[in-house]
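For reference, the structure is listed below as structure tokens.
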Amino acid sequence: MYAVGIDVSKGKSTVAIISIDGKLLVKPFEVIHNNKGIEELLKQIEKYPKEEIRFLMEATSHYHYPILQPLINKNYWVCVENALTIKKYCDTDLRKVKNDKKDSIKIANYLAEKWYKLRRFEPQETIRMELQFLSREYNKYINIRTKLKIQLGELIDKTFPGIKKIINAETRCELLLNIYEKYWNPSLVLEKEQKEFVKDIDNIAKKLGHKVGITIGIEIYELAPTVITSRPNNCITQLVITNCIQLLKQAIEASNDIITEMNKLSRGLKEFKIVKEMKGVGEKTCSRLIAEIGDIRKFKNANSLIAFCGIDTPPYQSGSFNATQKHITKRGNRNLRKVGYEIMKNLKSSKPQKDNAVYEYIVKKENEGKNKTVAKIAGLNKFLRIYYTRVKEIYE
């Protein structure tokens with residue numbers, strides 16, 4: 001039997017082939033991530049029986065995809081292992097040597113040692129890879145949205161302060177964008193009669209499904225004469241505002257499209273229905289949670305999942321000293337921590353009517369004197385244990 005270790009880098013990989021007893025059969029060689037490079041790799045391994053050769057590589061963002069996909073298409077046995085697990089294994093050497101050739105040999109040795117314990121990359125993993133890719137892109141758009149909202153808030157403070165409070169920017173963001181894009185300066189409001197202005201605002205609100213247009217219109221019209229602006233009503237100010245609003249609308253539309261596509265993909269996974277029914281999990285968090293956790297079978301127990309999230313608190317003891325005030329490691333998937341915290345906030349604000357173990361646990365921690373953030377992290381710990389138990393049952 002033959003173990004192939006692949007150390008993945010950006011644009012290229014280093015490959016080493018050993019026998020299962022650890023003998024080096026082929027010295028480490030580079031494979032460029034293009035058609036020619038992949039053909040050379042396939043030619044190099046074609047002399048080994050397909051049922052006797054296995055491949056192992058690290059999960060390195062998107063860099064391992066160009067070499068992973070051709071091997072899967074040829075029906076080779078491939079495992080994609082957590083990068084931190086591989087790193088810990090490589091760090092066990094007494095003499096620290098770090099280069100691609102040595103790393104590829106260490107990865108091959110890891111495969112040889114864990115030959116019967118590692119799990120093969122399955123076709124279903126392709127869906128999970130796509131979900132994770134979309135999840136990371138969604139986070140980028142959310143960051144863009146946040147920056148643009150801050151920028152827009154600053155512009156509103158300069159041109160029409162007070163309008164955000166009237167419209168409630170948190171719950172009616174789209175309505176604010178449409179009204180402010182048209183009436184970004186108080187003078188534009190006062191150009192019209194109150195009745196005409198209120199009717200126009202009501203029409204804008206109704207198109208977006210809101211029934212508060214008349215109330216908002218009256219309040220804005222009453223606010224307009226009292227406002228002092230720090231930016232003049234000119235084409236330069238309008239240009240900046242229009243561009244900011246258009247970019248924000250595009251970012252909102254793009255992030256919503258990504259969530260829609262993620263929901264379509266995740267419906268093909270067994271756990272989607274169960275996760276969707278968990279309290280606190282909504283339309284925008286269900287697929288992201290599934291994407292960031294991945295296949296539950298890669299975790300040996302719930303503690304492994306919690307460590308992967310980076311909210312574990314490992315013991316710290318030396319001699320007679322035993323730490324009691326411990327912080328979470330944050331050494332894990334920060335994207336999972338982020339979506340998990342969102343779910344805890346949703347759960348806390350929704351206040352489930354029926355008994356809910358996670359919600360009650362958060363309240364219990366708050367009553368013990370823990371601050372709200374610490375209580376939510378504790379709730380997330382419990383939530384992930386429940387997630388692990390329910391989803392693991394599906395695959396057993």
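The values are calculated or read from the model by the stated rules, or taken from the named source; none is laboratory data. The structure displayed is predicted, hence computed values, not measured ones. Note that we place each Cβ from the backbone using ideal geometry, even for glycine, and neighbour counts take in every protein chain shown. Heads up: the accessible areas ignore ligands, DNA and RNA and are worked out on the full protein's heavy atoms, side chains in. Shrake-Rupley method; radii C 1.70, N 1.55, O 1.52, S 1.80 Å.
What the table shows:
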| read-out | value |
| --- | --- |
| Residue check, S255 in contact with a Cys (Cβ under 8 Å, 6 or more places away or on another chain), touching a residue at least 24 places away in the same chain (Cβ under 8 Å) and of a type in the set (G, A, S) | no |
| Members of the stretch 65-82 that are at pLDDT 85 or above and within 22 Å of E113 (Cα to Cα) | L68, L71, Y76, W77, V78, C79, V80 |
| Tally of residues being in a helix (DSSP H, G or I) and buried (at least 16 other Cβ atoms within 10 Å of the Cβ) across the stretch 275-297 | 11 |
| P49 surrounded by 14 or more Cβ atoms within 10 Å (Cβ to Cβ) and either over 28 Å from the mean Cα position of the chain (by Cα) or under 29 Å from F308 (Cα atoms) (or both) | no |
| Hits in the stretch 110-165 (condition: hydroxyl-bearing (S, T, Y) and surrounded by fewer than 18 Cβ atoms within 10 Å (Cβ to Cβ)) | Y116, T126, T146 |
| Hits in the stretch 317-372 - residues which are aromatic (F, W, Y) and at pLDDT below 80 | F321 |
| Failed item, numbered, when I144 is tested on (1) in contact with a helix residue (DSSP H, G or I) (Cβ under 7 Å, 6 or more places away or on another chain); (2) hydrophobic (A, V, I, L, M, F, W, C); (3) at pLDDT below 95 | (3) |
| Pair list, Cβ < 8 Å and 6+ apart or interchain, from the stretch 365-388 residues that are among the small types (G, A, S) to residues that are open to solvent by less than 20 Å² (accessible area, probe 1.4 Å) | A375/I362; A378/I362; G379/M344; G379/L347; G379/V358; G379/I362 |
| Pairs, first more than 11 Å from T389 (Cα to Cα) in the stretch 292-307, second open to solvent by 30 Å² or more (accessible area, probe 1.4 Å) and polar (S, T, N, Q), C-beta under 8 Å, six or more apart | E292/Q132; E292/N335; G294/Q132; D295/Q124; K298/N82; I306/N381; A307/T329 |
| Some residue of the stretch 146-159 being within 22 Å of R288 (Cα to Cα) and either touching a strand residue (DSSP E or B) at 6+ places or on another chain (Cβ under 8 Å) or not aliphatic (A, V, I, L, M) (or both) | yes |
| First in the stretch 156-180 and on the phi > 0 side of the Ramachandran plot, second anywhere and open to solvent by 10 Å² or more (accessible area, probe 1.4 Å) and not in a helix (DSSP H, G or I), Cβ under 7 Å, 6 or more apart | G162/V227 |
| Breaking point among (1) modelled with pLDDT under 90; (2) within 17 Å of the chain's Cα centre (by Cα), for I290 | (1) |
